[in-house]
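Reading through the structure tokens given below for one structure.
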Ligand SMILES: [Mg+2]
């Protein structure tokens with residue numbers, strides 16, 4: 001597939017190698033629906049001398065995510081759902097049988113621009129029954145946010161998710177400073193998140209456990225991550241290729257004695273969340289699962305039962321098709337909120 005890029009003065013040609021047969025539509029829609037609006041509208045890039053970094057970030061947040069593995073995940077997962085229904089058994093039976101009735105979950109926070117709002121949200125979440133939360137504050141104000149939360153809530157467990165802002169020395173510095181607030185883990189402190197070499201150096205000196213893995217897609221990648229000495233890996237069943245791959249990642253984690261804290265996008269990944277919770281019922285490697293702090297749409301899904309930081313998932317996925325329109329997909333451009341990307345792109349806007 002050829003692409004022509006032009007401005008008023010000149011033009012350039014490019015080519016995609018269409019890997020796989022008959023999926024040219026996927027390539028052209030990625031260009032039309034993601035890359036073109038991003039460079040033209042969102043970041044207003046007008047010069048061929050200033051886009052290199054943008055492409056690097058798009059590559060990681062959308063490119064390496066692997067549309068093919070993502071697409072396979074959905075179909076593969078549905079196969080398991082279908083199989084369980086045909087056999088008239090719960091998903092957890094299909095995954096090997098449950099060894100517990102409830103799964104420990106943590107409340108995964110959205111990003112708050114004001115610390116006061118964050119504190120109110122923590123209060124709401126703790127009152128709801130969570131005793132473990134994860135913050136997604138901007139890296140530049142995470143220390144301040146954790147300090148404020150820790151001062152008011154002495155008993156809860158806190159993890160922080162940085163979404164890959166730092167180089168190695170910045171990450172070391174951050175880990176040293178946040179250690180005093182007793183956090184459970186620092187998630188994806190390094191850019192790029194799969195710089196295994198830097199991760200290994202960090203895990204050797206960090207006083208706080210390191211977690212990573214939501215940007216891994218291959219068993220080889222997970223093995224490198226495990227070799228780097230991280231304390232938690234965080235595979236996402238909806239990204240890596242489905243349940244079978246996920247089970248292999250669990251086996252791999254088990255052989256390294258590393259804990260698994262599966263990733264999901266808390267407010268919008270309800271189907272994969274229910275699969276993940278059913279998997280967690282059957283496997284000891286999964287210590288805790290990411291969970292939304294807001295209520296799930298009860299009218300759309302058969303809800304998991306939440307009580308005091310633990311969840312009992314439904315035995316298979318039910319979706320109320322009749323109201324799907326109410327929750328129809330809103331097509332909007334977004335790259336992951338990597339903080340350094342946002343900061344650096346402001347100058348292009
Ligand atoms: Mg994360």
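Just so it is clear, none of the values below were taken in a lab; they were calculated from the coordinates. These numbers were taken from a predicted model, which means no experiment stands behind them. All Cβ positions, glycine included, derive from the backbone under ideal geometry; neighbour counts span all protein chains shown.
Going by C-beta contacts inside 10 Å, put 201, 239, 88 in order with the fewest on the left.
Details: 201 18, 239 23, 88 7.
The most exposed by this proxy come first: 88, 201, 239.
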GNM on the chain, C-alpha springs below 10 Å: top fluctuator among 85, 283, 312? 85
Along the Cα-to-C-beta direction of residue 180, a point sits 7 Å from the Cα; which residues of segment 124-141 have their amide N less than 20 Å from that point? 139-141
Using a Gaussian network model of the chain whose springs link C-alpha atoms within less than 10 Å, name the residue from 185, 13, 80 with the highest mean-square fluctuation. 13
Under the 7 Å Cα-to-Cβ spin-label approximation, residue 99 and residue 4 lie apart by a distance in nanometres of 6.1
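Report, in deg cm²/dmol and to the nearest 500, the calculated mean residue ellipticity at 222 nm for the chain, where each DSSP H run with n ≥ 4 adds -39500 (n - 2.57) and the sum is divided by the residue count.
Numbers: 13 runs with 135 residues, N = 349.
Rounded to the nearest 500, it is -11500 deg cm²/dmol.
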Distance in nm between pseudo-label sites at residue 267 and residue 24 (7 Å out along the Cβ direction from Cα): 3.9
Among 215, 127, 325, which one shows the highest mean-square fluctuation when the chain is modelled as a Gaussian network with alpha-carbon springs under 10 Å? 325
Which of 267, 117, 161 has the fewest Cβ neighbours within 10 Å, and the rest in rising order: 117, 267, 161
When 1/r is averaged over all different Cα pairs and the result inverted, which Kirkwood radius in Å belongs to the chain? 21.7
Inter-part gap, Cα centre of segment 148-187 to Cα centre of segment 73-96, in whole angstrom, is 38
Euclidean distance of C-alpha centroids, segment 282-331 and segment 220-273, integer Å: 19
Just need the relative contact order of the chain here, percent rounded to a whole number, with Cα pairs under 8 Å and 6+ apart. 21
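Decide, for segment 159-288, between rounded, prolate and oblate: order the square roots of the alpha carbon gyration tensor eigenvalues as a ≥ b ≥ c, take rounded if a/c falls under 1.5, and otherwise choose prolate if a/b is larger than b/c, else oblate. If you can, show how the numbers build up before the last one.
Values: a/c = 1.83, a/b = 1.61, b/c = 1.13.
Verdict is prolate for segment 159-288.
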Once both label points are put 7 Å beyond Cα along the C-beta direction, the residue 308-residue 141 separation in nm becomes 3.5
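Using Cβ counts within 10 Å as a stand-in for footprinting exposure, how do 5, 135 rank, fewest first?
Details: 5 12, 135 24.
By the 10 Å Cβ count, ascending: 5, 135.
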